[in-house]
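Single-structure report; data block below.
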Amino acid sequence: FRLSVNQYAEMIRLDILTEDDRVELLEGVLVAKMVRNPPHVLSTKLITDALSRSLPAGWHVSKEDPARTSESAPEPDCMVLRGGPRDYGDRWPGPNDMALVVEVAESTLSRDRVVKQRIYARAAIPVFWLVNLIDRRIEVYSDPSGPNDAPDYQTSRHYGPDEEIPLILDGLEIARFAVRDLLP
């Protein structure tokens with residue numbers, strides 16, 4: 001049985017699903033979230049801190065919170081969102097709110113590279129960072145094709161530990177980070 005995002009949100013509102021239920025809705029299916037190991041936790045914190053220090057006014061970082069697309073409610077490890085936290089007091093951020101989504105992956109690398117990438121491309125999220133802990137690199141995907149039969153990102157670049165990764169917001173480079181500083 002596939003769930004709509006509205007049904008999923010209602011299950012949360014009615015406490016059918018609680019914070020103790022480590023699931024997210026991906027393409028209409030409830031999917032168990034993996035337990036985060038220390039390298040995952042560290043990388044997420046390093047990225048969240050670096051992004052938070054670099055954002056201009058009118059943007060903020062959200063960590064491990066739900067977002068909303070047409071058929072999914074993913075919980076990326078972090079997102080760069082328009083506005084401030086209070087702008088989302090009564091709703092989940094949607095695609096037009098998100099400039100960047102970040103997934104930190106080790107055991108979930110395949111799912112994040114295929115399913116989550118497809119979800120974010122379908123929703124036309126401008127930039128998706130996949131922090132590949134296995135290969136110690138950050139894969140950056142941009143230029144989403146948006147909703148079509150095979151959504152994908154048209155541009156990808158992999159940044160190794162000795163490179164710098166740009167933070168792009170609304171098409172402008174805001175900052176650069178040494179990849180090694182974002183990896184555990």
In a Gaussian network model over the chain where Cα atoms closer than 10 Å are linked, find which of ARG136, ARG13, ARG111 has the largest mean-square fluctuation. ARG13
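Applying 1/(1 + (r/R0)^6) with R0 = 25 Å to the Cβ-Cβ distance of ASP135 and ASP170, what FRET efficiency is obtained, to the nearest 0.05?
0.25
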Between the range 134-148 and the range 2-32, the alpha-carbon center distance in angstrom: 25
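Report the relative contact order of the chain, percent, no decimals, based on alpha-carbon pairs under 8 angstrom and at least 6 residues apart.
That works out to 16 percent.
A short reminder: the numbers here are calculations on the coordinates, not readings from a lab. Since this is a predicted model, take the numbers as computed values, not measurements. Virtual Cβ from ideal backbone geometry, glycine too; neighbours counted across all protein chains shown.
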